[in-house]
């Protein structure tokens, strides 16, 4: 089964940290990979019209953001960028590498480095 999910939270969708599913705000399920990809593409274009910045990976995951949309983190004392993310998954995991779409790897901006040392992904601390 394939899922196209929308997320909203502090991290881009490719980190898959503990509790990442808590950030999922919408899910569409598909039996067929290409139907899921078609839906992802439609949503991707809609979100690029809505948010000024994006970073898209060949793994068919994209983070969209507006630099003004941040939330205060009491634990680390920093403003954290909020991301609206879109991802195509297979059984709630990243799709296999042989299904990556190199043409989807594009970006029009770079997000600020992750600041919160409490939740920072490995390699970001």
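FYI, it's all coordinate maths here, none of it is from the lab. Here the structure is a predicted model, which means the values were calculated and not measured. When we count neighbours, we look across all protein chains shown, and the Cβ atoms used for this are built from the backbone with ideal geometry, even at glycine.
Descriptive notes on the structure:
- Cα shape, the stretch 8-66, gyration tensor, a/c 1.5 rule: oblate
- Normalised radius of gyration (Cα atoms, divided by 2.2 N^0.38 Å) for the stretch 1-104: 1.07.
- Counting beta carbons within 10 Å around each of 17, 47 and listing the fewest first gives the order 17, 47.
- Among 48, 27, a tally of other beta-carbon atoms within 10 Å of each Cβ gives an order, fewest to most, of 27, 48.
- Between 0 and 90°, nearest 10: helix 33-50 axis offset from the chain longest Cα axis: 40
- Cα gyration tensor category, rounded, prolate or oblate, for the stretch 39-100 with a/c compared to 1.5: oblate
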